[in-house]
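Worksheet for the structure shown next.
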Ligand SMILES: Nc1ncnc2c1ncn2[C@@H]1O[C@H](COP(=O)(O)OP(=O)(O)OP(=O)(O)O)[C@@H](O)[C@H]1O
């Protein structure tokens, strides 16, 4: 299979010296759904801005749909669709009118416009509502129309930046289905950022985790989870002298069935283990004689949340939560203004 994106040591240092993207290299295959995850400020938006030719890299190169993002920026733009976090559709127009505007931006020949609009409306399941004003649409329908706008010029590669931010779980699932259909039925390649781990798990063939401008790991969701071992033990000490707690943590880290221990703030500690549920009795045994008490302990299969914590030292929820609130507030403001 061909490569749709090939990034090589892609770098962006902003004036003032902030290194937003620090030499990232990766490839995305044709027809792949590729997830790009990272905490706030990790460099996701900057990477997308470079790949979509909105920002010039300060180092490295990338080819998108076989073309160089710097030297062939115009051709790259024609080959890609980009759906940003903010809804770009106009509430005071119908779905159809929004798409006709978009077709105008791309200078689509007049005699093709109607047929193109019908095709993209079908792809996102909005044919029946095309003649209604967007202000009568639900949040999920608006997002689907937004995606349709990104498809009007028949891109081979679609960039989706947080496509389900702020939507409820049913609506998110519905959007996943349409995204999946784009790949299945249209053979489209999809590059998606999200801070919903479940979304990345269900939707993506492969995931890259980026932190502080660097890619920490790239793999399939299944491999990422199994790389954490057979389970995750979350535990908390009941107070205890800092010295005693550190000694106990040192003991735990040294156990042969423990591959990693991460502090998770107030919630205590998260250990990845290789011996399944047997880890719990084994941990108690290992700590007997230590002047510390375990206040709470639990075992579960590794999830993508655990993978994220493992590679970034942070939980996605705490790193991305505030943004959802901000978006909701913005949407409410838009409605109030009208
Ligand atoms: N125009 C700019 N000038 C200077 N620094 C910038 C600029 N844009 C982004 N940065 C910095 O670059 C770093 C990466 O930002 P970026 O927006 O790419 O992260 P992100 O992963 O997309 O974060 P978020 O999830 O919050 O959107 C941050 O430290 C940010 O403050």
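The values are calculated or read from the model by the stated rules, or taken from the named source; none is laboratory data. Only a predicted model underlies this, so the values are computations on that prediction, with no experimental measurement involved. Note that we place each Cβ from the backbone using ideal geometry, even for glycine, and neighbour counts take in every protein chain shown.
When 164, 136, 118 are screened for being closer than 28 Å to residue 194 by Cβ and either out of contact with any helix residue (DSSP H, G or I) (no Cβ under 9 Å at 6 or more places or on another chain) or without any contact (Cβ under 8 Å) to a residue 12 or more places away in the chain (or both), only 136 passes.
Residues checked against (1) touching a helix residue (DSSP H, G or I) at 6+ places or on another chain (Cβ under 8 Å); (2) within 22 Å of residue 200 (Cα to Cα):
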| position | (1), (2) |
| --- | --- |
| 3 | no, yes |
| 20 | yes, no |
| 28 | no, yes |
| 38 | yes, yes |
| 53 | yes, no |
| 59 | no, no |
| 63 | no, no |
| 73 | no, no |
| 77 | no, no |
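Take the conditions within 16 Å of the ligand (Cβ to nearest atom), modelled with pLDDT under 95 and on the phi > 0 side of the Ramachandran plot and apply them to residue 41. Does it pass? Against the criterion (within 16 Å of the ligand (Cβ to nearest atom), modelled with pLDDT under 95 and on the phi > 0 side of the Ramachandran plot), residue 41 qualifies. For the stretch 69-79, indicate whether the set of residues that are within 16 Å of the ligand (Cβ to nearest atom), in contact (Cβ under 8 Å) with a residue 60 or more places away in the chain and crowded, with 17+ Cβ neighbours inside 10 Å is non-empty. Taking every residue of the stretch 69-79 in turn, none turns out to be within 16 Å of the ligand (Cβ to nearest atom), in contact (Cβ under 8 Å) with a residue 60 or more places away in the chain and crowded, with 17+ Cβ neighbours inside 10 Å.
Looking across the stretch 20-38, the residues that are closer than 20 Å to residue 312 by Cα and more than 8 Å from the ligand (Cβ to nearest atom) come down to 22, 23, 24, 25, 26, 34, 35, 36, 37. Just to be sure before I move on: is residue 213 on the phi > 0 side of the Ramachandran plot and either modelled with pLDDT of 95 or more or not assigned by the TED database to the domain that holds residue 98 (or both) in the structure I sent? Yes; evaluated as a whole, the condition is true for this residue.
Among the residues of the stretch 50-64, the ones that are buried (at least 21 other Cβ atoms within 10 Å of the Cβ) and either free of Cβ contacts under 8 Å to residues at least 24 places away in the same chain or away from the ligand (no atom under 16 Å from the Cβ) (or both) come to 1 in all. Might you check whether a residue that is within 16 Å of the ligand (Cβ to nearest atom), modelled with pLDDT under 95 and either assigned to a helix (DSSP H, G or I) or more than 22 Å from the chain's Cα centre (by Cα) (or both) occurs anywhere in the stretch 245-254? The answer is no; no qualifying residue exists. The residues of the stretch 237-258 that are closer than 22 Å to residue 309 by Cβ and crowded, with 16+ Cβ neighbours inside 10 Å, listed by number, are 237, 245, 248, 249, 251, 252, 255, 257, 258. Residues in the stretch 1-16 that are in a loop (DSSP other than H, G, I, E, B), free of Cβ contacts under 8 Å to residues at least 60 places away in the same chain and more than 9 Å from the ligand (Cβ to nearest atom): 1 only. Only one residue in 113, 89, 83, 120 is surrounded by 15 or more Cβ atoms within 10 Å (Cβ to Cβ) and more than 29 Å from residue 66 (Cβ to Cβ). Which one? The match here is 89.
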